[in-house]
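Here the structure comes first, spelled out in structure tokens, and everything after it is commentary.
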Amino acid sequence: MEPIHAETAQVLHSWVVDRGLDARVADGESGHEVVARMTSALRTIAAENWGGVVALVGHVASLTAGLSALCGLGAEIWGRPLPHAVPFRVNTDGTTWCCANWPG
């Protein structure tokens, strides 16, 4: 594994499993910034499409960090990265979020 890939994996592990959101790769975003950006976007999408179904495409790391924070996931999903182009359901009532069937 290339050093940058190893560092990226360590940072993502910190964000998702340890909830250590201070970590960042090089001059990239911290976990706090990624989670804030993703949770804001997901909450906005949910509010604007209340009661509807939305297809969302994004980057594995940012989706994993954001959904892990919203759905209260963590170590249980580590080692099960989001596969490309595999749909899965995320439910919300506007307050609580649930990723009952994390793929991978």
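The values are calculated or read from the model by the stated rules, or taken from the named source; none is laboratory data. None of the values given here were measured: they were computed from a predicted structure. Don't worry about glycine lacking a Cβ; one is built from the backbone with ideal geometry, like all the others, and counts go over all protein chains shown. Surface accessibility is based on the protein's heavy atoms, side chains included, excluding ligands, DNA and RNA. Shrake-Rupley method; radii C 1.70, N 1.55, O 1.52, S 1.80 Å.
Overview of values
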| read-out | value |
| --- | --- |
| Odd one out for V35, checked against (1) in contact (Cβ under 8 Å) with a residue 24 or more places away in the chain; (2) open to solvent by 40 Å² or more (accessible area, probe 1.4 Å); (3) not small (G, A, S) | (2) |
| Residue among A47, A61 that is small (G, A, S) and under 12 Å from the mean Cα position of the chain (by Cα) | A61 |
| In segment 78-92, the residues that are touching a strand residue (DSSP E or B) at 6+ places or on another chain (Cβ under 9 Å) and either under 14 Å from T64 (Cβ atoms) or surrounded by 14 or more Cβ atoms within 10 Å (Cβ to Cβ) (or both) | V90, T92 |
| Selection within segment 75-104 - within 16 Å of A9 (Cβ to Cβ) and among the small types (G, A, S) | A75, G79, G104 |
| Residue identified as surrounded by fewer than 16 Cβ atoms within 10 Å (Cβ to Cβ), in a helix (DSSP H, G or I), of a type in the set (A, V, I, L, M, F, W, C) and over 10 Å from the mean Cα position of the chain (by Cα) among A9, A26 | A9 |
| Sole residue being over 24 Å from H32 (Cα atoms), open to solvent by 100 Å² or more (accessible area, probe 1.4 Å) and free of Cβ contacts under 8 Å to residues at least 12 places away in the same chain, chosen from V53, V57 | V53 |
| The listed residue being among the β-branched types (V, I, T) and either without any contact (Cβ under 8 Å) to a residue 24 or more places away in the chain or open to solvent by 50 Å² or more (accessible area, probe 1.4 Å) (or both), out of T64, T95 | T95 |
| Tally of residues being within 13 Å of the chain's Cα centre (by Cα) and outside any loop (DSSP other than H, G, I, E, B) across segment 77-104 | 3 |
| Scope segment 1-32; condition touching a residue at least 24 places away in the same chain (Cβ under 8 Å) and under 18 Å from G79 (Cβ atoms); matching residues | T8, L12, H13, W15, V16, V17, R19 |
